[in-house]
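Data block below; observations after.
Bear in mind that the values in this text are calculations on the coordinates, not laboratory data. Values in this document were obtained by computation on a predicted structure and should not be read as measured data. Every residue, glycine among them, receives a Cβ derived from its backbone with ideal geometry; neighbour counts consider all protein chains shown.
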Amino acid sequence: MAKWKKSKKQRMIAEAQNLLSQYGKMTIRQIYYKLVVKGLLRNTRSQYNTYDVNMRDARRDGEIDPRDILDTTHFIANKIDTYSSPKSYLSTLNTHVHSLGQYYHLDLWRNQSQYLAIFVEKDALARIFEEVARPYQVPVIIARGNSSDSQLVDFIDYAQNRYYKIQVYSDLDPQGDVIAGDIIAKDETEPQLDRRLHAYKYYNFTTEREGILSHQIGKPYNLQKNIPDAKKILKDTNAPQFFKLHGNYDFYELDAFDTNDLKLIIKTNIEKHIVFPIWNKDLALETKNRKKIDKILKNVSIP
């Protein structure tokens, strides 16, 4: 594959470095869309492919730290902490035992009208969703390619028959519409996620798509279009329904959101379901209980 001239490649890498310095870890696609907005790249398939190769080389050449690139689809399993001796292990336990209070959590949703969960299509963006949702005790379920039935059952077991509002975030494309439940086939009576949850007799929920929504494409976000593969569109059985629903084949990815914009969208969508006077009262009780735990553990020592 052809590479760009050195000057263009260096400008692209320099701007990628600036973006990573400004926003922290990002996916390859997030960086790409920002470079398109800045006018350094054209939003075409060939430009993306060349960009991808040059970003790979930049990491291998040490110009960009691979640790700054988000990739949650590949990881090392069975990473085990090891210790040189029993003494070193016990010493570590003593260090941690006095800070265990921070892991105590009160159920902050117990006095709210409903619980909240997030289903997100992009596992590469999971860290962003988890970071925003964690303080609110909102579980994040990765639904890439649609959640498996086993994953849905795990969620149902976790939900323990409590009433849940499920917020769905997916790309604006045929597969994303299927995950979000926006495409309903003629022989279906309800959106796919609802139908599958109902199959396991889980009725205490409602679903709503929070992104990507049609009104989020333009201002203030000005999302860049994805470059669809024409052959894949023709093979996608959901494509005709997408065209019928939207009137076009304009596809958009969650990665196209500015990181800070996406964080604010997630935060706002969570907080609109919280009654804060009740929430803050329970939050104060959680803090009080943590202090009690810290006081008890203060004098604990493992020999």
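When each of the peptides 113-120, 241-248 is scored by the mean number of other C-beta atoms lying within 10 Å of its residues, the order from highest to lowest reads 113-120, 241-248. Basic side chains Lys and Arg get +1 at the Cβ, acidic Asp and Glu get -1 at the Cβ, and with that the dipole of the chain about its Cα centre reaches some 940 debye.
What FRET efficiency would be calculated for the residue pair residue 283, residue 261, taking the C-beta separation as r and a Förster radius of 30 Å, to the nearest 0.05?
On the way: r = 27 Å, r/R0 = 0.88.
Efficiency, from the Cβ-Cβ distance: 0.70.
In summary, the convex hull built on the alpha carbon positions of segment 6-68 has an orientation-averaged projected area of 3.8 nm².
In the structure shown, do any of 219/244; 231/263; 25/281; 34/272 have a Cα-Cα gap over 32 Å, and if so which?
Working: 219/244 24 Å; 231/263 34 Å; 25/281 35 Å; 34/272 29 Å.
Over 32 Å Cα-Cα: 231/263; 25/281.
Highest mean first, how do 170-181, 291-302, 250-261, 149-160 rank when packing is the count of other Cβ atoms within 10 Å averaged over residues? Numbers along the way, then the final one.
Details: 170-181: 24.2, 291-302: 11.3, 250-261: 20.4, 149-160: 13.8.
Sorting 170-181, 291-302, 250-261, 149-160 by mean packing, highest first, produces 170-181, 250-261, 149-160, 291-302.
So which of 87/122; 165/225; 201/232; 79/225 end up more than 32 Å apart by C-alpha? Kindly include the intermediate steps, with their values, before the conclusion.
On the way: 87/122 43 Å; 165/225 29 Å; 201/232 35 Å; 79/225 39 Å.
Cα-Cα > 32 Å for 87/122; 201/232; 79/225; rest within.
Give the residue from 252, 237, 277 lying farthest towards the positive end of the charge dipole for segment 153-303; charges sit on Cβ (+1 for Lys and Arg, -1 for Asp and Glu) and the dipole is referred to the Cα centre. Farthest towards the positive pole: 277. Towards the positive end of the charge dipole of segment 6-68, with charges on Cβ (+1 Lys, Arg; -1 Asp, Glu), say which of 7, 18, 66 has the farthest Cα. My answer, from the dipole projection, is 7. For the pair residue 199 and residue 229, a Förster radius of 41 Å applied to the C-beta separation gives a FRET efficiency near 0.80, rounded to the nearest 0.05.
With the charge dipole of the chain set up from +1 on Lys and Arg Cβ and -1 on Asp and Glu Cβ about the Cα centre, the Cα lying farthest toward the positive end among the listed residues 175, 293, 92 is that of 92. The tail of the calculated P(r) for the chain, taken as Cα-Cα distances beyond 37 Å, holds 29 percent of the pairs.
Highest mean packing first, where packing is the average number of other Cβ atoms within 10 Å per residue, the peptides 33-43, 213-223, 15-25 line up as 33-43, 15-25, 213-223.
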